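The values are calculated or read from the model by the stated rules, or taken from the named source; none is laboratory data. Note that the structure is predicted; figures quoted are calculated from it, not measured. Every residue, glycine as well, gets a Cβ built from its backbone with ideal geometry; the counts of neighbours run over all protein chains shown. Areas reflect the complete protein model, heavy atoms only, side chains present, ligands, DNA and RNA absent. Shrake-Rupley method; radii C 1.70, N 1.55, O 1.52, S 1.80 Å.
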Amino acid sequence: MITKKGINASPGVAIGPVLVLDSEEYRIPRKQVEPKEVPEQISILENALLAAREEVGELRLAAARKLGNQTAAIFAFHESFIGDAKLLAEVTDLVRRTPCTSAFAFAQVMKQRQRLFRDLTDPYMKERVRDLADIEKKVLRYILGRSREDITTLSNPVIVVAHEITPSQAISLDRDNILGFAIDVGGQTSHTAIIARMQGIPAVVALGGVAADVSGGETVIVDGTHGIVVINPDDDTTEHFRAKQVQASKVAESLVEIRELPAVTQDEVKIDLLANIELAEEARYAVDCSAEGIGLYRTEFLFLASERLPTEDEQTEVFRAAIRHAQGRPVVIRTIDLGAEKIAAHMAVRHEDNPDLGLRSLRYCLQNLDMFKAHLRAILRASMEGEILIMFPMITTLLELRQAKATLADVMEDLDEDGVPFRKGIKVGMMIETPAAALLAGAFAREADFLSIGTNDLTQYTLAVDRGNERVAHLYAPHNPAVIRLMQEIIRAGAKEKTPIGMCGEMAGSPVYCQLLLGLGLRQLSMAPSDIPVIKRLIRRTTIRRCTGIARKALRFDADRQVVNYLRDELRKIDPEAI
Ligand code: PEP
Ligand code: MG
């Protein structure tokens, strides 16, 4: 039994068999085998090489047909490399000598070859290192008997263990069969963590080497509430976590009745509780969780889940579906926030040393106007289906907001000219996600119809801490006094201009912060649908008077630890179960 501690990314307990997801960084665990298993390992290897060679052969023919012989030559290199008898002999020899699994031996040999190619002076051969990495992945996929694509249709429930999962992988997973996630890297607001939370799947991230500790099939426990993962648990441990699962489902049941009740404080102030969604159909789940609307629809996930750029018509249909699922409730459609870690397969992106500070989000849209305009047209066309609001992400300068609004006005004009109907008077707002936007919130509040504080990025940029990097996760604190003072500025500026302000970062769904946020003056919070019942229970137990006192005191602390300890104490007093 191995117990590992990571970061709690999505609450709940899951117990089940492991599915290891390979990725470029994934290290195949060293696996000894009995000498009598060697022939079986060699036959697995031979079959995998044959299958991979066949696949590459087909790719070569298709490439020759579509792209000409020069492109096809790349695959000819792959084909001859895979078919090389020396390669087979070397791997087989390693399997026999050690003895180990063919996956491990193959990965070892391929790493050696890559080192060899990297040291060559011929630039053409140097370039082939990437081909070798590709070949390695392809063959390993056959050896291990699964592929990335397989995760979209799984035959039985599993716990996904991986070094890393990209947002596009996470969104294409077969949700019905994913019990939990255990991931080597990431932080609480990395997008994989957010996706897990949205879907109510327990997850632990920042586990260091968990992917190297399992090879698939072992039983694993994921305690996403406490950030614990247990590999090969003994009977007592399994029993203990099963009891926790039962307790958690009882708590969930007790929250069912609260769904029908309004989110009103004891001194009768109404708070709007909205939901964040990533996929159109999640809007239905949001309504089930009693969301009063969708406060953040992360439309980029439609792009991430698709191999090619979704057409305007396809986007329109998906946005219409989201609005329909919201059943008459308003939907804030955020324009695509691609870039940084959210890279779609069809995006032509150049390597950037600092992608979080690079050509991402609205900046990317303003430089890819055709794509952006088609996206805006789709949103506007869908607006006939129900009430929508449009929100621009990642703005740092006033000019960007003006450019985005001007582009939207252009698109509206085009639609009018084409006689295509869309709802008039749509409210246009923006996210406050950068310190620059926070400090200029007054100016933005004058030009936007509403503002929404995106604490995930605001924290990252204020504290200069990568939100997805587990090595600096201890520094990532939305309750850092620097961040909450910025939030206070934003809320004050909004109030002065009478511009509505909400929050849609993960902070909004965390019970620890709820009283602080209400005390700072927020009346609209948007969160993962499953967070709504607990937040509502808490709102119904507190008063704005009490919250104002809490915020006043919290703002006096200079250290983040003091703030969070104080907020926990204040939460414990009125809702100990939410801690
Ligand atoms: C945020 O940054 O707080 C936010 C809500 O946007 P995302 O998490 O999609 O970056
Ligand atoms: Mg953001």
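Residue-wise, which Karplus ³J(HN,Hα) couplings in Hz belong to region 227-239, taking 6.51 cos²θ - 1.76 cosθ + 1.60, θ = phi - 60°, and x for glycine or proline?
x, 10, 10, 10, 9, 6, x, 7, 4, 4, 5, 4, 4
Determine the per residue accessible area of region 257-578 with all protein chains present and a 1.4 angstrom probe, expressed in square angstrom.
41
To the nearest 10 square angstrom, how much accessible area does Arg572 have with a 1.4 angstrom probe?
Taking all protein chains as shown, Arg572 has close to 110 Å².
Tell me which residues come under 5 Å, amide H to amide H, from Cys100 once H is placed; ignore anything under 5 positions away on its chain.
Residues meeting the criterion, in which the H sits 1.01 Å from N, are Val33.
For region 35-144, report the accessible area per residue in Å² (1.4 Å probe, heavy atoms, rounded to an integer).
Spelled out: the 1.4 Å probe surface of region 35-144, per residue, equals 57 Å².
Could you put Leu520, Leu399, Leu475 in order of accessible surface area, largest first, with the 1.4 Å probe and the full protein assembly present?
Final ranking, largest accessible area leading: Leu399, Leu475, Leu520.
Which far-off residues, 5 or more places away or on another chain, put their amide H under 5 Å from the one on Arg334, with H placed in the peptide plane?
Amide H to amide H, under 5 Å and 5 or more residues apart or across chains, Arg334 pairs with Tyr297, Thr299, Met391.
For Thr225, which sequence-distant residues (separation of 5 or more, or a different chain) have an amide H within less than 5 Å of its own amide H, given hydrogens modelled in the peptide plane?
Those lying under 5 Å, H to H, from Thr225 are Gly12.
Can you give me the relative contact order of region 441-508 as a percent, contacts being Cα pairs under 8 Å and 6 or more apart?
With pairs under 8 Å counted, the relative contact order is 51 percent.
Using a 10 Å cut-off on Cβ atoms, rank the peptides 512-518, 433-439 from the highest mean neighbour count down.
512-518, 433-439
Helix 560-574 versus the longest principal axis of the chain: what angle, 0 to 90°, nearest 10, using Cα atoms?
Roughly 70 degrees, rounded to the nearest 10.
Quick one: grab the alpha carbon gyration tensor of region 200-327, order the square roots of its eigenvalues as a ≥ b ≥ c, and give me rounded if a/c is under 1.5, else prolate or oblate depending on whether a/b is larger than b/c.
oblate
Quick one: what are the phi-derived ³J(HN,Hα) couplings along region 317-328, Karplus 6.51/-1.76/1.60 with θ = phi - 60°, whole Hz, x for glycine and proline?
Each residue's phi maps through the Karplus curve to give 4, 5, 5, 4, 4, 4, 5, 4, 5, 6, 6, x Hz.
Which pairs, out of Lys4/Lys138; Lys553/Lys573; Lys427/Lys496; Lys31/Lys126, put more than 24 Å between their alpha-carbon atoms?
Lys4/Lys138; Lys31/Lys126
Go through region 525-530 residue by residue and turn each phi into a ³J(HN,Hα) via Karplus (6.51, -1.76, 1.60, θ = phi - 60°); whole Hz please, and just put x for glycine and proline.
Each residue of region 525-530 in turn: 10, 10, 8, 4, x, 5 Hz.
Relative contact order (percent) for the chain, with alpha-carbon contacts under 8 angstrom and 6 or more residues of separation?
14 percent.
How long is the gain from Ser80 to Leu555 if the chain were fully straight, where each residue apart is worth 0.36 nm and the alpha carbon distance is subtracted?
164.4 nm
If packing is taken as the average count of other Cβ atoms within 10 Å, what order do 115-125, 447-457, 400-410 fall into, highest mean first?
Per-residue Cβ counts within 10 Å, averaged per peptide and sorted highest first, yield 447-457, 400-410, 115-125.
Can you give me the Cα centroid spacing of region 500-542 and region 51-92 in angstrom?
Using only Cα atoms to place each centre, the spacing works out to 55 Å.
Please report the antiparallel percentage of DSSP beta bridges with both residues in the chain, rounded to the nearest 5.
35
At 0.36 nm per residue, minus the direct Cα-Cα distance, what do Arg471 and Gln247 gain on full extension? Give it in nm, one decimal, please.
Once the chain is fully extended between Arg471 and Gln247, it gains 77.4 nm.
Over the Cα atoms of region 371-470, how large are the radius of gyration and the largest Cα-Cα distance (Dmax), in Å?
For region 371-470, the Cα-based Rg and Dmax read 15.4, 51 Å.
Could the peptides 247-257, 335-345, 527-537 be put in order, highest first, of the mean number of other beta-carbon atoms found within 10 Å of their residues?
527-537, 335-345, 247-257
With the contact rule set at Cα under 8 Å and sequence spacing of 6 or more, what percent relative contact order holds for region 257-578?
Computed over region 257-578, the figure is 19 percent.
Over the Cα atoms of region 35-144, what radius of gyration and what Dmax do you get, in Å?
So, for region 35-144, Rg and Dmax equal 14.6, 47 Å respectively.
Could you tell me how many degrees, from 0 to 90 and to the nearest 10, lie between the Cα long axis of helix 85-97 and the main elongation axis, the longest principal axis, of the Cα atoms of the chain?
80
For the chain, what does the equivalent ellipsoid look like in terms of its semi-axes, each the square root of 5 times an eigenvalue of the Cα gyration tensor, given largest first in whole Å?
Working from the Cα gyration tensor, I get semi-axes of 44, 31, 21 Å.
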